[in-house]
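Trainee: Dropping a structure here in structure tokens format, bear with me for questions.
The values are calculated or read from the model by the stated rules, or taken from the named source; none is laboratory data. In this text, all values refer to a predicted model and were calculated from it rather than measured experimentally. Counting neighbours? That spans all protein chains shown, and the Cβs are built from the backbone with ideal geometry, glycine included. Just so you know, the surface numbers come from the protein's heavy atoms only, side chains and all, with ligands and any DNA or RNA stripped out. Shrake-Rupley method; radii C 1.70, N 1.55, O 1.52, S 1.80 Å.
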Amino acid sequence: QVQLAESGGGLMQTGGSLRLSCSDRTFSSYAMGWFRQAPGKEREFVAAISWSGGGKYYADSVKGRFTISRDNAKNTVYLQMNSLKPEDTAVYYCAAKDTGGVSSNKEAYKYWGQGTQVTVSS
């Protein structure tokens, strides 16, 4: 059974950096995604990566600032977040999809973590 566990969230000032991690024992063959949900808003796509790591896809709002990567030997996917802005404040979730390639559609993801809070102060 896939059980995703995120870590690395916290409080950061504008312009700072954080790295989120998401681990599980079995996800090496899955495409993975990061999503976020701010208070009062719908969960939105942030970034996705193919199972091999060769395919990456970003939301326009984070392109050039965030980088998704994975280490299949460690069953871990990362989200490096640089140049953070207050509008990046949200609960960040990692998700795994067991069929197909990368996707920005949250409905395509079968497994979800519990989320980790990221707060960016101005």
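Trainee: Residue check: is Lys41 of a type in the set (D, E, K, R), within 29 Å of Ser122 (Cβ to Cβ), loosely packed, with under 14 Cβ neighbours inside 10 Å and within 14 Å of the chain's Cα centre (by Cα)?
Mentor: Judged against the criteria, Lys41 is not a match.
Trainee: Which condition number in (1) loosely packed, with under 13 Cβ neighbours inside 10 Å; (2) in contact (Cβ under 8 Å) with a residue 60 or more places away in the chain; (3) not charged (D, E, K, R) is the one that Ser52 fails?
Mentor: (2) is the only condition that Ser52 fails.
Trainee: Take the conditions outside any loop (DSSP other than H, G, I, E, B) and either of a type in the set (S, T, N, Q) or loosely packed, with under 13 Cβ neighbours inside 10 Å (or both) and apply them to Ser61. Does it pass?
Mentor: On the way: outside any loop (DSSP other than H, G, I, E, B): no; either of a type in the set (S, T, N, Q) or loosely packed, with under 13 Cβ neighbours inside 10 Å (or both): yes.
Here the answer is no, as Ser61 does not meet what is asked.
Trainee: Still on this model: With respect to Arg25, determine if the residue is under 14 Å from the mean Cα position of the chain (by Cα) and among the basic types (Lys, Arg).
Mentor: On the way: under 14 Å from the mean Cα position of the chain (by Cα): no; among the basic types (Lys, Arg): yes.
Judged against the criteria, Arg25 is not a match.
Trainee: Count, please, the residues in segment 88-117 that happen to be of a type in the set (D, E, K, R) and in contact with a Phe, Trp or Tyr (Cβ under 7 Å, 6 or more places away or on another chain). Step through it out loud before you land on a result.
Mentor: Just the residues of segment 88-117 that are of a type in the set (D, E, K, R), to begin with: 88, 97-98, 106-107, 110.
After this cut, where a residue has to be in contact with a Phe, Trp or Tyr (Cβ under 7 Å, 6 or more places away or on another chain) as well, the list is 97-98, 106.
Within segment 88-117, residues that are of a type in the set (D, E, K, R) and in contact with a Phe, Trp or Tyr (Cβ under 7 Å, 6 or more places away or on another chain) number 3.
Trainee: Which condition breaks for Val2 when tested against (1) open to solvent by 50 Å² or more (accessible area, probe 1.4 Å); (2) at pLDDT below 95?
Mentor: Every condition holds for Val2 apart from (1).
Trainee: Could I ask something else about it? Would you check if Gly64 is in contact with a strand residue (DSSP E or B) (Cβ under 9 Å, 6 or more places away or on another chain) and free of Cβ contacts under 8 Å to residues at least 24 places away in the same chain?
Mentor: Numbers: in contact with a strand residue (DSSP E or B) (Cβ under 9 Å, 6 or more places away or on another chain): yes; free of Cβ contacts under 8 Å to residues at least 24 places away in the same chain: yes.
Criteria met by Gly64.
Trainee: Consider Val120 against the criteria (1) assigned to a helix (DSSP H, G or I); (2) in contact with a Ser or Thr (Cβ under 7 Å, 6 or more places away or on another chain): it satisfies all of them except one. Which criterion is unmet?
Mentor: Failing condition for Val120: (1).
Trainee: Out of the residues in segment 97-122 that are more than 16 Å from the chain's Cα centre (by Cα) and at pLDDT 95 or above, which is farthest from Phe66 (Cα to Cα)?
Mentor: Here the answer is Ser121.
Trainee: Just checking, how many residues over segment 17-38 are over 17 Å from Lys110 (Cα atoms) and surrounded by 15 or more Cβ atoms within 10 Å (Cβ to Cβ)?
Mentor: Number of matching residues: 4.
Trainee: Out of (1) among the small types (Gly, Ala, Ser); (2) more than 17 Å from Phe66 (Cβ to Cβ); (3) without any contact (Cβ under 8 Å) to a residue 40 or more places away in the chain, what's the single condition that is false for Ser23?
Mentor: (3)
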